[in-house]
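For reference, the structure is listed below as structure tokens.
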Amino acid sequence: MNIDVQQKPLGAVLFQYDIYPEKIENVGKVKRIFTANGQYALKETTMNEEEAHWFVHVMRRLERIGFHYVVPVLPTKYGDYIVRYGSQTFYLMPWYEDHQQFRSPVYPEEVMAEELAKLHGLTERTQDYSETVLEKSFETLKKRWAYRKLEMERYADKIEGNVYLSPFELTFLTHFQRSIFMADKAEEHLTLWYEGVKEKKSFRSVLCHGKPARKHTCFDKYGTAYFLNFEKAVLDTPARDVAHMFRHFFMSRPWDEQEGRHWLQIYEKHFALYDEERHLFVSYLAFPESMYQMADRYMKRDGKSTELHYVTRLEKRVLTLNRVQRFMNSLFSPENENR
Amino acid sequence: MLRLDAVLESYGLKEGKWKIAGSLLETEKGLKRIHVWTDKALLNWHISWRDQLAENTGCLTDRMIQTVRGERMSLCDEGWITVHDEVSSPFSYKNKEKETGRFFGKYYSLKVEDKQTDEDHAYFPDFNAEILDRKAHTGKRDKNGEFVEAVRKEALMRYQKAKRLNEKADPAPVPFVCPVLSLNQARLVYEKMYWVNSTEKPESGYRSLSRMLGEWLKHQGEKSLFAMLDEMDSYFPLKNKHGVPLLTECLLPWEFADFIEAGENQSFGARRKVLAERWETSRALVKALSKWLDVTREQVKV
């Protein structure tokens, strides 16, 4: 779709970059700007002042530490990295074509795992140990999970009383006990993480991308990946980012535990997780939140999606949960424990 | 004289030719205005002022374009140069009272320097009251002399009223801004206001505000002025804090002082014409402001 540059607020925003577009197209949340001097991607988003400062700080830090696997944010002619227009926020990047086919065999998951590990390695920082902060994080997550479990138990109790079960309800009940088992396993690993950190009296943080996923990565024709969208970047445990990326991998294509271990090995070749971080990573993966989210959506269904849609989605998530269980078991099998 | 190739290189411009030598440059990125600064402190103040004005008001303004090395100025023989966009499309204030009121409210409440505080001060402009003394005007007793004497008496009355009003004013934080010289400083870029700052030293007080309001009243009328002031008041509390010092400023006979100081440089007739126009603008503004502020403590007339 072609867009007129005269329209608000595009013209006033691009003016600050001295960019004179020949054509503008909408590509998802990004505007693709064609000019005589090349193509650009203009991202529109919402950020409060604090988030905007943090985002600029993150982009500058990535530049300073020499992390090149990132689509850079271009400054305005005044040196600003973001432009505000009312409640909207914009930032500009050079347009990177995202390739699906590469000149040599490339597996995007492997490249992403490697580059995320490099990002974590470059930004690793040992945090001041505070038992209060640690305990608070542990208790908060434990409480949240306990609350979610309780909510789902109530839902299961409620639908068990139905004379006729819908296909979704039947599928949910069939796999509910497995979800409880996984939730307990998640809590078990969370406790192991907590005890491990308490024993070590130290924990580390890295710059987490926040949403590492294929759609937030551009691949060039040689298979090099460039991360974009650091809007949700945060200083946190590497386990958070790795779990997010693995959840994304699990949902995007079929996989098995060997492949899962292979991805983790690639990540750990560049940035090895500590034992307690592995437990945290596994606890994040094991908790059956994705299955519970389907139940939430089913409860709030508005008739726009069919019963079949909900059932197939739920089954896919149950399948992933089963694979996560096998992945988890293989990671903590005696032979792997002695790695 | 500025070297064109040096300017182009510093700012990463591929093509450029002078439209006005040393001042206006035509480039592949549009027309660029060049300012030469000899006072580094003033330049630094203007960089901060313009950056913060843009951030606070959300309006576009003639901020310093950075060089390829990321600097906001470039050295030259005379001092430093800065490069700005040259925008010529005029901004129309018609039916834009809210937008403009918000802009000027934020403009006059902007604090750029750390030393600026929110502390309240008693304020009285630095007005040379000696020119109101009869002894200062011992010219010929002709028609012109009689005119000067009559205006002097009026000016003195205005000054005394301003003094009396000021004594009752509550202390307020005094604005410290880039002086507004004219409403024509607003231009238009893609339906958005682009404010062209002057290169003057920062002004402490209300002088440029009174000038701007007088111009608004003259061109947009009283109703429009009130709508603009209503909006401005939300960001720059005129009714509570700044109204009386502003009125004091408007009452002071600046036009008479300028008339006298212009001296022999201009013909008496020309000076008299300017004085009459400015006097009328002040009179109308004081009347309108008093009405808007609902000043009951003293009936203010010019």
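Simple spin-label estimate for B:Asp230 and A:Arg301 gives 5.3 nm between the two label positions (7 Å along the Cα-to-Cβ direction from each Cα).
Amide H contacts of B:Leu31: B:Glu86, each under 5 Å away and 5 or more positions distant or on a separate chain (H built 1.01 Å from N in the peptide plane; Pro and chain starts excluded).
Over all pairs of different C-alpha atoms, chain B has a mean inverse distance whose reciprocal, the Kirkwood radius, equals 21.4 Å. Shown for the stretch A:108-337: the carbon plus sulfur share of the solvent-accessible area, taken with all protein chains present and a 1.4 angstrom probe, equals 50%. Extents of the stretch A:10-94, largest first, come to 35, 30, 27 Å (Cα atoms, principal axes, whole angstrom). Pairs of lysines in the stretch B:4-85 whose Cα atoms sit within less than 23 Å of one another amount to 7, provided the residues are eight or more positions apart or on different chains.
Along the stretch A:61-74 the Karplus relation, 6.51 cos²θ - 1.76 cosθ + 1.60 evaluated at θ = phi - 60°, assigns HN-Hα couplings of 5, 4, 5, 5, 7, x, 8, 8, 8, 8, 7, x, 9, 8 Hz to successive residues, with x for each Gly and Pro. Name the residue, out of A:Ala295, A:Ala239, A:Ala12, whose mean-square fluctuation peaks in a Gaussian network model built on chain A with Cα pairs under 10 Å. With Cα springs under 10 Å in chain A, the top fluctuation among A:Ala295, A:Ala239, A:Ala12 is at A:Ala12. For A:Lys269, the lysines whose Cα comes closer than 17 Å to its Cα, not counting residues fewer than 8 places off in the same chain, are A:Lys118. Computed over chain B with a Gaussian network model linking Cα atoms closer than 10 Å, the most mobile of B:Ile260, B:Ile81, B:Ile20 is B:Ile20. Ignoring the sites themselves, chain B has its longest run without trypsin sites (Lys or Arg not before Pro) in a DSSP loop having at most 16 other Cβ atoms within 10 Å at B:169-296.
In percent, rounded to a whole number, the relative contact order of the stretch A:10-94 is 30, using alpha-carbon pairs under 8 Å and six or more apart. Computed from backbone phi, the HN-Hα couplings of the stretch A:256-268 come to 9, 5, 5, 5, x, 5, 4, 4, 5, 4, 4, 4, 6 Hz, rounded to whole numbers (Karplus: 6.51 cos²θ - 1.76 cosθ + 1.60, θ = phi - 60°; Gly and Pro given as x). Amide H contacts for B:Arg187 (H built 1.01 Å from N in the peptide plane; partners 5 or more residues away or on another chain; cut-off under 5 Å): B:Phe91, B:Tyr194, B:Trp195, B:Val196.
Listed by chain and number, the aspartates and glutamates whose C-alpha is less than 16 Å from the C-alpha of A:Lys200, apart from same-chain residues fewer than 8 away, are A:Asp128, A:Glu131, A:Glu135, A:Asp275, A:Glu276, A:Glu277.
Counting only residues at least eight positions apart within a chain, or on another chain, the lysines with an alpha carbon under 24 Å from that of B:Lys241 are B:Lys98, B:Lys106, B:Lys111, B:Lys115, B:Lys161, B:Lys163, B:Lys168, B:Lys223, B:Lys287, B:Lys291, B:Lys301. Think of it as helices only: each DSSP H run of n ≥ 4 in chain B is worth -39500 (n - 2.57), and spread over all residues that comes to -14500 deg cm²/dmol at 222 nm. On a C-alpha basis, how far is the centre of the stretch A:195-236 from the centre of the stretch B:198-257 in Å? Whole number, if you could? Distance between centres, Cα-based: 53 Å.
Our coupling estimate for the stretch B:20-29, obtained by passing each phi through the Karplus curve with A = 6.51, B = -1.76, C = 1.60 and θ = phi - 60°, is 10, 3, x, 9, 10, 10, 9, 10, 5, 9 Hz, Gly and Pro reported as x. Both numbers refer to the Cα atoms of the stretch A:108-337; Rg and Dmax are 18.7, 58 Å. Counts of other chain beta carbons within 10 angstrom of each beta carbon in peptide A:13-20 average 4. Seen against the Cα atoms of chain A and their longest principal axis, helix A:289-299 is set at about 90 degrees. Calculated [222 nm] ellipticity per residue, helices only, for chain A: -18000 deg cm²/dmol; basis is -39500 (n - 2.57) per DSSP H run with n ≥ 4, divided by all residues, nearest 500.
Chain A against chain B buries an accessible area of about 1600 Å², both chains summed, 1.4 Å probe radius.
Here the peptides A:48-54, A:106-112 are ranked by packing, the mean other Cβ count within 10 Å, and the order with the highest first is A:106-112, A:48-54. Our analysis of the protein assembly as shown gives Rg over Rh at 1.12, with the two radii drawn from alpha carbon positions and Rh computed by the Kirkwood formula.
The values are calculated or read from the model by the stated rules, or taken from the named source; none is laboratory data. Bear in mind that the values here come from a model prediction, so they are computed numbers and not experimental data. Glycine also receives a Cβ, built like all others from the backbone with ideal geometry; neighbour counts cover every protein chain displayed. Side chains included, ligands, DNA and RNA excluded: accessible areas come from the protein's heavy atoms. Shrake-Rupley method; radii C 1.70, N 1.55, O 1.52, S 1.80 Å.
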